[in-house]
1. Assess whether A:K272 counts as being over 18 Å from A:Q204 (Cα atoms), surrounded by fewer than 24 Cβ atoms within 10 Å (Cβ to Cβ), within 13 Å of another protein chain (Cβ to nearest Cβ) and of a type in the set (D, E, K, R).
2. When A:Q23 is evaluated against the numbered criteria (1) touching a Phe, Trp or Tyr at 6+ places or on another chain (Cβ under 8 Å); (2) under 25 Å from A:L333 (Cα atoms), which criterion, by number, is the only one it fails?
3. Output the number of residues of region B:275-307 satisfying the condition of being of a type in the set (F, W, Y) and open to solvent by 30 Å² or more (accessible area, probe 1.4 Å).
4. Scan region B:202-210 and give yes if some residue there is more than 30 Å from A:R305 (Cα to Cα), polar (S, T, N, Q) and open to solvent by 30 Å² or more (accessible area, probe 1.4 Å), otherwise no.
5. Would you say B:P155 is crowded, with 20+ Cβ neighbours inside 10 Å and closer than 20 Å to A:C183 by Cβ?
6. Pick from A:S69, A:S85, A:S63: which is over 19 Å from A:I2 (Cβ atoms), surrounded by 21 or more Cβ atoms within 10 Å (Cβ to Cβ) and of a type in the set (G, A, S)?
7. Would you point out the residue of region B:211-250, among those that are more than 9 Å from chain A (Cβ to nearest Cβ) and of a type in the set (D, E), that is surrounded by the most Cβ atoms within 10 Å (Cβ to Cβ)?
There are 2 protein chains.
Amino acid sequence: MIIDVHGHYTTAPKALEDWRNKQIAGIKDPSVKPKASDLKISDDELRDSIANNQLKQMKERGSDLTLFSPRASFMAHHIGDFEVSSTWAGICNELCWRVSKLFPDNFIGVAMLPQSPGVDPKTCIPEIEKCINEYGFVGINLNPDPSGGHWTSPPLSDRQWYPIYEKMVELDIPAMIHVSTSCNPAFHTTGAHYLNADTTAFMQCLTSELFKDFPKLRFLIPHGGGAAPYHWGRFRGLAQEMKKPLLKDHLLKNIFFDTCVYHQPGIDLLTKVIPVDNVLFASEMIGAVRGIDPETGFHYDDTKRYIEAAPMLSAADRRKIFEGNARRVFPRLDAALKAKGK
Amino acid sequence: MIIDVHGHYTTAPKALEDWRNKQIAGIKDPSVKPKASDLKISDDELRDSIANNQLKQMKERGSDLTLFSPRASFMAHHIGDFEVSSTWAGICNELCWRVSKLFPDNFIGVAMLPQSPGVDPKTCIPEIEKCINEYGFVGINLNPDPSGGHWTSPPLSDRQWYPIYEKMVELDIPAMIHVSTSCNPAFHTTGAHYLNADTTAFMQCLTSELFKDFPKLRFLIPHGGGAAPYHWGRFRGLAQEMKKPLLKDHLLKNIFFDTCVYHQPGIDLLTKVIPVDNVLFASEMIGAVRGIDPETGFHYDDTKRYIEAAPMLSAADRRKIFEGNARRVFPRLDAALKAKGK
């Protein structure tokens, strides 16, 4: 089985975006504010949006199951207040849940959170509980910068985040650390802000003792860990200067990287530098980079090909990256699969 | 000849830091504000600070000449106003100039700029002219985020920066794009902010038409280009979605990467992915990562070893990385060397 741990619902029916635009307009003019129940998307519309997009490409590429969360760049936690984020997260998560019910063999949910800048993260807990306990989701996406590129939140090691971590440990779920759109003109969303956030989150963990407080906490850092694997020597050296343990002991029991790196040399480096147990297959398809690479003739984000061609990996390594590690990092995914005899 | 294009005066005598602390105290209490002439550092002190540190390691490692600029993390452009930055830049550049006169075969200067958040970058031009024309410096360090981690400046493609670029083209000098210390608790200075800035600057260039306006402008992106080479497929794909030319045509006539990547797999990726003409040898020694890598027994930042061991490189490639490219990207360096018969 091939499990893609990083998929977003980027192809949702247009009605969703229209509803969101009305919600945003409603922040200034409450008379146009829509109700959640104003959004009408039929099961057929959901089916079409998936069957002709993600599922079609999964079948073409040969992956089986995608961990599916709301569109990352549309989370836009910086817009409005907690009530706005909360309603929006509820709607987006419910759509992913419905997709997972329509295609139970191919999609399982991961929750976006109703974060809002300056609002206590513990306000996200009811949404987490609903998504995990009622929707059968297997993880969450945690935004380390709900300001959208202004980085006004304290580091992930700050105690303000601890209520989320306590809930994660209680529910035995990991978090993918994933920012949303950048509203800072300095940062291009998918070309700079995403990668910067990955590197930033990794370094916030490195300088802290977070995983001493939460030995069972698990973070999945997307986009191949941002700059971390490429600069692994730098990070090993910085940890050494700070008298931290070796990274494998200090961080790699708790931090994992996905394979959203869109060329062969990048995947070769990732799988050479990072222990195989810490690498989880992912493509973020259909996402930021949708084209065909003229150098290969295949989609840039068809990362399965790079894993298959990576010279460092044995067949057993590939099975870990494609399936075993995902089952270990997402125990609720493993339980859901086992319940189906998989 | 082996030229290291990225060295900072991180070992300046303590008197410099003491003076700076008084200057900072003087922002609130003008009665303690020091004059530039209050700083007294003798030639012997300068000699000691270099001969026992950078020069010693250069001799041990086998590099000949370092392009030498003031300590990056101490530029701290966010502190005070333009007058504070201007006085501080003047002092720091003068010290690098004195070092270059004391050790003319081993050091040549690169200028820090008196940037200040919200101040028109053209105010930096007199310092640039002094350093290039009077001190014989061969380049500048340009900070894309003088706010120190709050990223309040417009992107490098914005016309506010154009007066600097016009002067760079006129003087035929490149700029290393290098931030200073982070005062944003989200970003560790050398572990996150530096690498994020490299990626951010690269993406700001990618999304823009800056090099159409300035076909002869040259940027050196340090720390191996941040995350750019590791995610080269992502950047190629993003450029393709934006209908930009191939990166080699769109950016690589103007953007160069240094080799401050502190492990062999990183340098192997860099030299595989980026054309050899765009890679310049550098170590940033004595800098952020000073320790010895227990996996190799050598200093993490002894990057010369990685270049020598990189399997993709021919002897001719290595000569370009160690010397030829630096002479081409820094024409005033080439001229200074030729004037000495080198």
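1. Yes; evaluated as a whole, the condition is true for this residue.
2. Going through (1) touching a Phe, Trp or Tyr at 6+ places or on another chain (Cβ under 8 Å); (2) under 25 Å from A:L333 (Cα atoms) one by one, A:Q23 breaks only (2).
3. 1
4. No, there is no match, as no residue in region B:202-210 is more than 30 Å from A:R305 (Cα to Cα), polar (S, T, N, Q) and open to solvent by 30 Å² or more (accessible area, probe 1.4 Å).
5. For B:P155, the condition - crowded, with 20+ Cβ neighbours inside 10 Å and closer than 20 Å to A:C183 by Cβ - is met.
6. Exactly one of A:S69, A:S85, A:S63 is over 19 Å from A:I2 (Cβ atoms), surrounded by 21 or more Cβ atoms within 10 Å (Cβ to Cβ) and of a type in the set (G, A, S), namely A:S85.
7. The residue in question is B:D213.
Okay, residues lined up against (1) crowded, with 21+ Cβ neighbours inside 10 Å; (2) assigned to a loop (DSSP other than H, G, I, E, B); (3) of a type in the set (S, T, N, Q):
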{"residue": "B:S116", "(1), (2), (3)": "yes, yes, yes"}
{"residue": "B:C124", "(1), (2), (3)": "yes, no, no"}
{"residue": "B:F137", "(1), (2), (3)": "yes, yes, no"}
{"residue": "B:N141", "(1), (2), (3)": "yes, no, yes"}
{"residue": "B:H150", "(1), (2), (3)": "no, yes, no"}
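The values are calculated or read from the model by the stated rules, or taken from the named source; none is laboratory data. Since the structure is predicted, the reported quantities are computational estimates derived from the model, not experimental observations. Ideal geometry is used to build each Cβ from the backbone, glycine not excepted, and the neighbour counts take in all protein chains shown. Side chains are part of the model used for accessible areas, which takes the heavy atoms of the whole protein and leaves out ligands, DNA and RNA. Shrake-Rupley method; radii C 1.70, N 1.55, O 1.52, S 1.80 Å.
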